[in-house]
Amino acid sequence: MDCIFCKIAAGEIPSERVFEDELTLAFRDIQPQAPSHVLVIPKTHLASLDGLEDPGLAGALLTAAARVARDEGLDGGWRLIANTGSDGGQEVDHLHLHVLGGRPLGRMLSS
Ligand code: DGP
């Protein structure tokens, strides 16, 4: 399968890894949008959040994201984003969570 994040998970494409466990891998985004910008992916291929049915994997991804935020020292707060599908702005078709922080991120949704 020609999936760039599968190749990163397999070590075929270099990345700056910050965390990994049995199910997940976290590495720095190549185009950071904040001082800290890490992507958390499942090691096995899943195209997007749309296809996520395994609560264990969901928990592993969220737990990894929270661990990354703590390790990055994002004490002031952080944001988790999962762009999903074309309307959601997803460009890489391998499920990934963006962990962003290190500066005020502003409000995304108006109340
Ligand atoms: P999204 O729009 O949610 O699909 O974001 C994909 C992100 O993936 C984008 O912020 C840039 C990042 N990205 C794309 N290719 C690579 C790569 O080869 N290495 C790393 N580290 N990040 C990548």
Q: Subtracting the Cα-Cα distance from 0.36 nm times the residue separation, let me have the gained length for Asp54 to Arg28 in nm, one decimal.
A: 6.9 nm
Q.
Viscosity 1.306 mPa s, temperature 10 °C: what is the translational diffusion coefficient of segment 13-57 from Stokes-Einstein with a Kirkwood Rh over Cα pairs, rounded to a whole number of µm²/s?
A. 135 µm²/s
Q: Choose one of Leu80, Ala64, Gly106: the residue whose Cα lies farthest towards the positive end of the charge dipole of the chain (beta-carbon charges +1 Lys, Arg; -1 Asp, Glu; about the Cα centre).
A: Gly106
Q. Sorted from largest down, what three extents in whole angstroms do the Cα atoms of the chain have along their principal axes?
A. 39, 29, 27
Q: With a 1.4 Å probe and every protein chain left in place, tell me how much accessible area Lys43 has, in Å² to the nearest 10.
A: 70 Å²
**Q.** Computed label-point distance, nm, for sites Asp2 and Ala66 using a 7 Å Cα→Cβ extension
**A.** 3.9 nm
Q: Calculate how steeply helix 55-71 sits against the longest principal axis of the alpha-carbon atoms of the chain, using the helix alpha-carbon long axis, and give the answer as 0 to 90 degrees to the nearest 10.
A: 50 degrees
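The values are calculated or read from the model by the stated rules, or taken from the named source; none is laboratory data. Fair warning: this is a prediction, and the values are worked out from it, not measured in the lab. A quick note on method: Cβ atoms are made from the backbone with ideal geometry, for glycine too, and the neighbour counts reach across all protein chains shown. What goes into the accessible areas is simple: the full protein's heavy atoms, side chains included, and nothing from ligands, DNA or RNA. Shrake-Rupley method; radii C 1.70, N 1.55, O 1.52, S 1.80 Å.
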